[in-house]
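The block underneath contains the structure these notes are about, expressed in structure tokens.
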Amino acid sequence: MQRLDGYAGKILRINLTDSSTEELSTWDYLPDYIGGRGICNKIFWDEVPKGVGAFDPENKLIFMTGPTTATGIPTGGRAVMTGISPCTLPEQYSYGSIGGWIGTVLKYAGYDGFILEGKAPAPVYLLIEDDKVQFLDASPIWGQVVSVTQESIRLAHGADIHSMVIGPAGEHLHRNASITTSNDNTFARAGFGAVFGSKNLKAMAFRGSGKIKAADMEKVFELRKTVGRPERQPNPPVMRESMGHVSNSFPHQWKNGSYACSPGCNSRCQRLLMDSKSPFTGGKVSQTEKCVSVLAFNYTYEHPWGASLFVLDEKNPRTLGQQKSFPHGPDKTDPDWEICSEVYKGDRMDLWGPDFDRGALMMELANEYGIDKWEMIIHYFTWLAMAKKEGLLTDLDFGMEVDVENPAFVRHFIDSMTYRTGIGDIFAEGMARAIRTLGKEKYGDTIYQGRVNQDGVRLDIPVSLEAAWGYSAHWQGRGFQSTPKWLWVANALNTMVNTRDCFNSGHMHVTPDDVRQFLADGPSYSDLLIQRVMENEGASMIKDSVTTCEWQSPDIVWHDMELQMYQAATGDDSMTKEKLDEFAVRSRLLYRAILMRNFGRCRDLEAENVYPFLTYPDPWGEVDTWDEWNDTVDRYYKANHWDPATGWPYRETWERYGLKDVADEMEKLGMLPSPGQAYQRKPDPSVRQEV
Amino acid sequence: MAKHIEKAPLEYSMCTGCVSCEMVCSMVHEGYVSPQTKRLFFKAGPVKTMLHEIYTCQQCDDHPCYEACPKKDEAMCIDENGIVYVNEKNCIGCGKCAKACKFTPSRIHVVKSKDKEERKAKKCDLCRTRPEGPACVQWCPFMCLAVSDRLPWEERQETDQS
């Protein structure tokens, strides 16, 4: 492969079992796999066979940057980690993406990524300084919470060291354990913190002194200017009078700041909660309070949201990917304004009322113990609240009275599952596994009677907000965000072929005209909707590979943004939008190949996993029937050139994207379907035949 | 002190920690990004504060860095506007300028390299040859940086008071 700018050129293999390292050439994976998830998928496919579990030493965590990382290209600071996830139900290959400094500093040290394999005989942490890798004794920091671990590493190795660490939750193999960087970004949703713990790996610390060169510096500056729209402006912290959004808002004085998670980001995330009180030190801490964290403070209603997060219009000031307002403000005469500006307040849930201190405690404990905030708030505590109200918890011993509004209980419960004491040992297995241990029919499927929509109509919702693959609801139409049917059907498809909550970079991007067409077709029968889902999946793969940040990059109105970034970084002018899209399909196919070969992925598994949650009504009473859902799945598989009977791609599909070797392997495994294979749709497996 | 780069007070604009300043500094001077070649220094705040510092050369009137340079006027130079800058062609990377800097941390960085030719002092020169002025000021997305004789936050303060 001809060498390209933008890359460091090496990938570091780290074997924790024998403390050895090896350098691989990044060029072996280029240009076909770009970087990020593209290269991760290829390495995993090549190196990890069927039968490996999340906590086995043979599981590999693969971390990759993209060619934009550390070049000065805005939003390019992001990086990706993949491996077998312990929190996915069942355990499967999964991924996470992250901001922060690690990717950039790793490239300064000379590496585009690293592969972690094996298991250290005793707790270690790694110190990577340029080409020098040290395996250091972690016993002094083993058992420490996240911030103490970070500070210990800074004290030991200097203030300019960058680290990513686990807390006690990862050490105790809590399946939702996170990995936290020294500027408080996390790999959280895939539970990779527990994989660190299983490998006796407490932390990794990085310092690099090398250089990364973008091919076209003039273009890099042009990109900085374009992505940075509108013009520069000061950024003072401001005092706010209320917490939360729209219906969940409550009076509270707090200081709101902005931060940028990654080197080179020229935008900002605007929900830094400054100077809140730490339950550990009593001192002041600043932490991000984005999206889901809002509900830690008040879960009276579902998370409210604006259609503009998903529905794009050039004149609309706040589409996803353009967090800043346009200088001229919204054009309310625009006929699309109504569709873009709609705000969904969400159903009333009455899970817990406003309490700033309790919410701050919940967030701080998640940060310090290293637990995925999302599952903590949306799965564990919603379940505790709903199950308590439905009288399900009387036979379970939590060690104190279950009361999600009592800070003492919040702390007690999070402590118990972090350290696996008492009943916490069950919950440390993740909410989905805990519910199955306790008995899913009673503890998972019992209907919570307290959900009421905006018109005052009570609607069914189960006490467990599990949507798919063990993950709690996220843009699934009920429980957390009250999305209309066209959006939750699209998201259900995206989730179906995934292994995790796919909204790290996978939010749908559509136009007002698209929405009109979805509604005209009927969401379950819209070919355009299928097409948009596939495009969106491709865009997500490209973002996670090039790499860019979905929340800051305006590609929704700038369709070749990632292409321009890739070209500016690498100088590879032979790359085209078509080739980048082709890469996205190739990488998605390889992801599918891994899921098929290693985890037996097939249609029945996918369609049945996602379906149960779709049988509960959305705020407008809409559900999917088994036939509707399967019709949608049929169309989706066909559009991908996969066999609708099995969900497996045809040989021609693999080969079209340069994956003949994968097709051959699938043939050996008996997973290579022939076109036209007859398919007998299974009967509805749902326990909920009527809604 | 002669004019120099200053960081805005928090009340005017909060540094988000994007380090665009460090990156563009390296980009305009070297044509690539490297922590070794920045000429101003971002220091992340203590864990969980998100309050960051940016350290810059103050262009001292008594310029001890210039005085300490063994190749004064060849390596460490002062231009017609009083800007102390490094002529890298003649810099031998001895580090005496960095040690002589009166500030902690030193506002001069000497590149560490196995290659002797790469060992050069890196110091803010206010981008003295750029028509647009200092790149860090131009590209800070949040206007956290300014040249000391053009401080927007002081102008705003005056406006507020009036």
- Note on the structure: Of the candidates A:D397, A:D415, the one satisfying the condition of being surrounded by fewer than 18 Cβ atoms within 10 Å (Cβ to Cβ), modelled with pLDDT of 95 or more, among the charged types (D, E, K, R) and outside any loop (DSSP other than H, G, I, E, B) is A:D415
- Message: Testing A:Y443 on (1) assigned by TED's automatic domain parsing to the domain that holds A:W383; (2) out of contact with any Lys or Arg (no Cβ under 7 Å at 6 or more places or on another chain); (3) more than 27 Å from A:Y95 (Cβ to Cβ); (4) surrounded by fewer than 20 Cβ atoms within 10 Å (Cβ to Cβ), one condition comes back false. Which one is that?
- Response: (4)
- So, of the residues in region A:222-242 that are surrounded by fewer than 19 Cβ atoms within 10 Å (Cβ to Cβ), of a type outside the set (S, T, Y) and assigned to a helix (DSSP H, G or I), which turns out to be nearest to the other protein chains (Cβ to nearest Cβ)? A:K225
- Query: Out of curiosity, is A:E582 more than 22 Å from A:S341 (Cα to Cα) and free of Cβ contacts under 8 Å to residues at least 60 places away in the same chain?
  - Reply: no
- Item | Residues within region A:30-48 that are among the small types (G, A, S) and either farther than 20 Å from A:M575 by Cα or in contact with a Gly (Cβ under 6 Å, 6 or more places away or on another chain) (or both), tallied | 2
- Query: Is region A:203-215 home to any residue that is at pLDDT 95 or above and away from chain B (no Cβ under 14 Å)?
  - Reply: yes
- Hits in region A:25-44 (condition: buried (at least 24 other Cβ atoms within 10 Å of the Cβ), in contact with an Asp or Glu (Cβ under 8 Å, 6 or more places away or on another chain) and outside any helix (DSSP H, G or I)): A:G35
- Please work out which residue is modelled with the highest pLDDT, limiting yourself to region A:272-296 and to residues that are of a type in the set (G, A, S) and surrounded by 17 or more Cβ atoms within 10 Å (Cβ to Cβ). A:A296
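Any chance region A:293-300 includes a residue that's of a type in the set (S, T, N, Q), part of a loop (DSSP other than H, G, I, E, B) and either more than 20 Å from the chain's Cα centre (by Cα) or more than 10 Å from chain B (Cβ to nearest Cβ) (or both)?
Initial filter on region A:293-300 (of a type in the set (S, T, N, Q)): A:293, A:298, A:300.
Now restrict to residues that are part of a loop (DSSP other than H, G, I, E, B): A:298.
Subset that is either more than 20 Å from the chain's Cα centre (by Cα) or more than 10 Å from chain B (Cβ to nearest Cβ) (or both): A:298.
Yes, that holds for at least one residue.
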- Expected single match for of a type in the set (G, A, S), in contact (Cβ under 8 Å) with a residue 12 or more places away in the chain and farther than 30 Å from A:T26 by Cβ among A:S540, A:S524, A:S553, A:S545 is A:S524
- From the set of residues in region A:250-272 that are more than 8 Å from chain B (Cβ to nearest Cβ) and free of Cβ contacts under 8 Å to residues at least 24 places away in the same chain, which is nearest to the chain's Cα centre (by Cα)? A:R271
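Check whether at least one residue in region A:118-137 is of a type in the set (F, W, Y), modelled with pLDDT of 95 or more and in a loop (DSSP other than H, G, I, E, B), and report yes or no.
no
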- Query: What tally of residues in region A:369-414 results from selecting those that are among the charged types (D, E, K, R) and in contact (Cβ under 8 Å) with a residue 24 or more places away in the chain?
  - Reply: 8
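Tell me, please, whether a residue that is of a type in the set (G, A, S) and under 16 Å from A:R603 (Cα atoms) can be found in region A:648-668.
So far as region A:648-668 goes, no, none of its residues is of a type in the set (G, A, S) and under 16 Å from A:R603 (Cα atoms).
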- Could you grab me the full set of residues in region B:106-120 that are more than 12 Å from the chain's Cα centre (by Cα) and not hydroxyl-bearing (S, T, Y)? B:V110, B:V111, B:K112, B:K114, B:D115, B:K116, B:E117, B:E118, B:R119, B:K120
- In the set A:T21, A:T75, A:T88, A:T71, which member is of a type in the set (S, T, Y), touching a residue at least 12 places away in the same chain (Cβ under 8 Å), out of contact with any Pro (no Cβ under 9 Å at 6 or more places or on another chain) and assigned to a strand (DSSP E or B)? A:T21
- Exactly one of B:K89, B:K99, B:K72 is of a type in the set (K, R), over 18 Å from B:V147 (Cα atoms) and in contact (Cβ under 8 Å) with a residue 24 or more places away in the chain, and that residue is B:K99
- Query: Just checking, which of A:G257, A:G264, A:G197, A:G210 is part of a strand (DSSP E or B) and buried (at least 18 other Cβ atoms within 10 Å of the Cβ)?
  - Reply: A:G257
- Keeping to region A:356-394, report how many residues are among the charged types (D, E, K, R) and surrounded by 20 or more Cβ atoms within 10 Å (Cβ to Cβ). 6
- Query: What is the number of the single condition among (1) within 14 Å of another protein chain (Cβ to nearest Cβ); (2) over 16 Å from the mean Cα position of the chain (by Cα) that B:M23 does not meet?
  - Reply: (2)
- Item | Residue match in region A:238-255 (condition: β-branched (V, I, T) and on the phi > 0 side of the Ramachandran plot) | yes
- Of the numbered conditions (1) within 27 Å of A:K345 (Cα to Cα); (2) β-branched (V, I, T); (3) in a loop (DSSP other than H, G, I, E, B), A:T421 satisfies every one except a single condition; which is it? (1)
- Every residue from region B:38-60 that is at the interface with chain A (Cβ under 7 Å from one of its Cβ atoms), touching a residue at least 24 places away in the same chain (Cβ under 8 Å) and surrounded by 21 or more Cβ atoms within 10 Å (Cβ to Cβ): B:M50
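The values are calculated or read from the model by the stated rules, or taken from the named source; none is laboratory data. Keep in mind it's a predicted model, so treat the numbers as computed, not measured. Quick reminder, even Gly has a Cβ in these numbers, built from the backbone with ideal geometry, and neighbours come from all protein chains shown.
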